[in-house]
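K.L.:
Take this structure, written in structure tokens, and hold onto it; I'll ask about it next.
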Amino acid sequence: MQQTKRSNRGLARGGWEGAQAVALYELPFAELMFRAQSVHRQNFDSNRVEIASLLSIKTGGCPEDCGYCSQSAHYDTGVKVTRLMDCADVVAAAQRAKVAGATRFCMAAAWRSPKDRDLAQVCDMVSAIKALGLESCVTLGMLTLGQAERLAEAGLDFYNHNVDTSPEFYGRIITTRTLQDRIETLEHVRKAGIKVCCGGIVGMGERVEDRLAMLVLLANLPSHPESVPINLWNEVEGVPVNDTAERPDPIALVRLVATARIMMPKSVVRLSAGRQYMTDELQALCFLAGANSIFIGDVLLTTRNPKADRDADLLDRLGIASGLA
Ligand code: SAM
Ligand code: DTB
Ligand code: SF4
């Protein structure tokens with residue numbers, strides 16, 4: 001039953017207009033929250049949050065110029081470049097994540113796209129993660145259909161590939177990879193039968209309209225992403241986004257989460273990067289607005305995340321159980 005509730009299969013194309021998203025977002029706060037909570041409860045247990053864990057399996061030296069990212073070779077950020085990790089080390093990290101309470105293990109590599117030899121190694125990691133009883137997710141950059149099919153054969157559950165921002169703001173942040181490139185990778189992932197994890201970043205200096213245009217883009221994909229990560233930009237020294245970044249007003253963030261919940265009712269909305277800037281109260285409001293996934297662990301890829309005991313304490317005080325059940 002829960003499986004059916006959470007499956008996005010058969011979800012019709014959104015057909016969302018920008019003005020509809022704006023109208024929702026601008027509702028009086030209590031009305032917006034009521035609607036978001038109603039939608040949330042129709043589709044999920046609102047007292048449960050998915051716990052995911054993230055590991056950078058290949059860090060830094062990336063040829064892309066994403067203006068927010070510590071791992072781009074275009075900027076001097078002080079991040080140490082590493083080679084692809086050994087499978088055994090990745091499995092050991094996944095085992096620790098499972099003990100810490102994660103049900104999904106996400107592996108990220110700083111590539112424009114994977115090379116065939118690297119992909120074979122990642123496929124081995126995916127199979128090993130699955131054997132531990134964890135859901136698997138990888139983010140490796142752009143994929144051909146053939147590469148997506150190889151990952152599907154290895155048992156991959158989710159592929160993370162974000163649209164990052166609105167079509168209008170996109171070119172201010174990234175020039176080496178187009179939004180259309182990203183959409184094509186998402187099509188390959190879908191065609192291979194892998195579930196899609198796709199969202200973006202707020203706090204890079206975009207307007208509220210850009211954030212809503214990003215939601216419209218996501219909600220109008222041929223089917224809604226099963227997972228929608230909403231990242232608050234995590235500060236990184238030496239990247240261009242530093243010049244434009246502006247942390248959103250907390251209430252604006254809650255409104256955005258609520259709007260995402262209403263526009264993509266069956267998607268798991270993850271409060272992704274940037275939780276270390278949020279108060280407990282803000283996170284609680286985001287959960288009330290329909291966010292139902294977080295990353296645990298002291299670091300994300302290269303930046304900080306709240307400490308495990310702070311997260312455990314917060315979930316405990318809110319009476320939130322881990323796992324979507
Ligand atoms: N290289 C792969 C790619 O971009 O396709 C995967 C890794 S990349 C780090 C995954 C996503 O993390 C990005 O698309 C972006 O949305 C998010 N991200 C990266 N750096 C971030 C930062 N400093 N703050 C918040 N989110 C960030
Ligand atoms: C996503 O949307 N957020 C995660 C995951 N997908 C791979 C990454 C967050 C990265 C935060 C910056 C860092 O730690 O380097
Ligand atoms: Fe490379 Fe991904 Fe960072 Fe862009 S977000 S620079 S593709 S690691």
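K.L.:
Fewest Cβ neighbours within 10 Å first, please rank Thr259, Thr178, Thr139, Thr303 accordingly.
P.N.:
Thr178, Thr303, Thr139, Thr259
K.L.:
Express in nm, to one decimal, how much length is gained between Leu179 and Ala252 on full extension, taking 0.36 nm for each residue of separation and deducting their alpha carbon distance.
P.N.:
23.8 nm
K.L.:
Also, quick follow-up: Rounded, prolate or oblate: which fits the range 17-317, taking a ≥ b ≥ c as square roots of the Cα gyration tensor eigenvalues, rounded meaning a/c under 1.5, else prolate when a/b beats b/c?
P.N.:
rounded
K.L.:
Here's something else I'd like to know. Given an 8 Å cut-off on Cα distances and at least 6 residues of separation, report the relative contact order of the range 17-317 as a percent.
P.N.:
22
K.L.:
Using just the helices of the chain, give the 222 nm mean residue ellipticity in deg cm²/dmol: DSSP H runs with n ≥ 4 each add -39,500 (n - 2.57), and the total is spread over all residues, rounded to 500.
P.N.:
Theoretical 222 nm ellipticity from helices: -12500 deg cm²/dmol.
K.L.:
With a 10 Å Cβ neighbour count serving as the proxy for reagent exposure, in which order, fewest first, do Lys130, Lys80 appear?
P.N.:
Lys80, Lys130
K.L.:
Could you work out the mean projected area of the convex hull around the alpha carbons of the range 239-299, in square nanometres to one decimal?
P.N.:
Dividing the Cα hull surface by four gives the mean projection, 5.0 nm².
K.L.:
Sort Trp233, Trp111 so the one with the fewest other Cβ atoms within 10 Å of its own Cβ comes first.
P.N.:
Trp111, Trp233
K.L.:
Percent of alpha carbon pairs in the range 69-188 separated by more than 23 Å?
P.N.:
So the pairs more than 23 Å apart make up 37 percent of the total in the range 69-188.
K.L.:
Where is the GNM fluctuation largest for the chain (alpha-carbon springs, 10 angstrom cutoff): Asp45, Asp65, Asp116?
P.N.:
Asp116
K.L.:
Now, a different point. Pull out the extension gain between Ala88 and Glu17, defined as 0.36 nm times the separation in residues minus the alpha carbon to alpha carbon distance; nm, one decimal.
P.N.:
In short, 20.8 nm is gained.
K.L.:
Mind pulling up the Rg/Rh value for the range 167-235? Radius of gyration and Kirkwood radius, both on Cα.
P.N.:
Using Cα coordinates only, the ratio equals 0.96.
K.L.:
So which lysines can Lys191 reach, going by Cα to Cα under 25 Å and dropping same-chain residues fewer than 8 places off?
P.N.:
Filter leaves Lys5, Lys115, Lys130, Lys266.
K.L.:
On average over all directions, what projected area in square nanometres does the range 275-324 have, based on the convex hull of its Cα atoms?
P.N.:
3.5
K.L.:
So, one more: So how far, in whole Å, is the C-alpha centre of the range 236-312 from the one of the range 131-190?
P.N.:
21
K.L.:
Round to the nearest 0.05 the FRET efficiency obtained for Glu168 and Lys98 when R0 = 41 Å and r is the Cβ-Cβ distance.
P.N.:
Using R0 = 41 Å, I get an efficiency of 0.50.
K.L.:
In addition: What number do you get for the range 34-125 when its Cα radius of gyration is normalised by 2.2 N^0.38 Å, N = residues?
P.N.:
Against the compact-globule rule of thumb, the ratio is 1.42.
K.L.:
How much length is gained on full extension from Ala73 to Glu26, taking 0.36 nm per residue of separation minus their Cα-Cα distance?
P.N.:
Full-extension gain reported as 13.0 nm.
K.L.:
Still on this structure, I have one more. Could you give the semi-axes, largest first, of the ellipsoid that matches the range 12-54, computed as the square roots of 5 times the alpha carbon gyration tensor eigenvalues and rounded to whole Å?
P.N.:
Calculated on Cα positions only, the semi-axes equal 23, 16, 11 Å.
K.L.:
To continue, here is another question. Which Cys residues of the chain have no other Cys Cβ less than 4.7 Å away and so no disulfide-compatible partner by this rule?
P.N.:
If one checks each Cβ against the other cysteines of the chain, Cys62, Cys87, Cys123, Cys197, Cys198, Cys286 turn up with nothing under 4.7 Å.
K.L.:
Which three extents, in angstrom, do the Cα atoms of the range 183-276 have along their principal axes, listed largest first?
P.N.:
39, 29, 23
K.L.:
Would you mind classifying the range 117-203 by shape? Square roots of the alpha carbon gyration tensor eigenvalues, ordered a ≥ b ≥ c; an a/c under 1.5 is rounded, otherwise it is prolate if a/b is larger than b/c and oblate if not.
P.N.:
Prolate is the answer for the range 117-203, as a/c is 1.5 or above and a/b outweighs b/c.
Values in this text are rule-based calculations from the coordinates and carry no lab data. Since the structure is predicted, the reported quantities are computational estimates derived from the model, not experimental observations. Methodologically, a virtual Cβ is constructed for each residue, glycine included, from the backbone with ideal geometry; neighbour enumeration extends over all protein chains shown.
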